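All of the numbers you see were taken from the coordinates with simple rules; none came from a lab. Just so you know, these numbers come straight off a predicted model, no measurement behind them. As a convention, Cβ positions derive from the backbone with ideal geometry for all residues, glycine included, and neighbour counts pool all protein chains shown.
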Amino acid sequence: MKFGKIALAFAVVSIFGASAIGFAAEKDPLAPRVPADDMEEAKEWKNPKKSTAANIAKGKALFTGKATCFTCHGNEGRGDGVAGAALDPSPRNFHNPGLKKKTDGEFFYVISNGIEGTGMISYAPGIITEEEAALIITYERSLHDKK
Ligand code: HEC
């Protein structure tokens, strides 16, 4: 009887312990994050920066530096940055081919407005400029097909 209680206490502690150090699941990454009412407008935003090697490199430098995206999304954009470990839902892993169905405009909307109720806050234009966000988006999109 007493042993049963101790075993139960251990089980509870290990479940909570595991969730405190492990990563929460990514929440349906392919579902839209732009509210339905804003979707049409969001999709109208076209990326002024072309997906060239030079722009992708500039975007990566911002993502892994000044813009601080890496702290949650990880240096390689796999959603495994140290600050993301405590977040539920966990940060987006950009190495997901399914994300190609989302538009640059949807990413820009999220970077501008954040995602309510999550760790993803608004970055542009408060923390980064629209031009910097555009460059970062070329980098994020370059990852969808990478293993
Ligand atoms: C404090 C942690 C944190 C930081 C820093 C952060 N993000 Fe996020 N981001 C998140 C989380 C968490 C999600 C996923 C939320 C969800 O699933 O609804 C997310 C999701 C996203 C998405 C996915 C949108 C979609 O439709 O799937 C984009 C794009 C994004 N972030 C871009 C950025 C960029 C660019 C930066 C840097 C300027 C950045 N994030 C910095 C936590 C962060």
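Overview of results
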read-out: Calculated over the chain: convex hull of Cα atoms, volume per residue (Å³); value: 129
read-out: Extended-chain gain in nm, criterion 0.36 nm per residue less alpha-carbon gap, K147 and S112; value: 9.8 nm
read-out: For peptides 42-48, 104-110, sequence by mean Cβ density within 10 Å, most packed first; value: 104-110, 42-48
read-out: Residue among T71, T103, T118 with the largest mean-square fluctuation in a Gaussian network model of the chain, springs linking Cα atoms under 10 Å; value: T118
read-out: With Cα atoms, 0 to 90° folded angle of helix 130-142 axis to the chain main axis; value: 70
read-out: Choice from I137, I128, I111 showing the highest fluctuation, given a GNM over the chain with Cα pairs closer than 10 Å; value: I128
read-out: 14 Å cut-off, amide nitrogen to a point 7 angstrom out along F23 Cα→Cβ, residues in the stretch 67-81; value: 70-81
read-out: Within the chain, helix-based [θ] at 222 nm, where runs of 4 or more DSSP H residues each add -39,500 (n - 2.57), nearest 500; value: -14000 deg cm²/dmol
read-out: Cβ-based net charge around V110, under 12 Å, with every Lys or Arg adding one and every Asp or Glu removing one; value: -2
read-out: Average Cα contact separation per residue, the chain, under 8 Å, 6 or more apart, as relative contact order %; value: 30
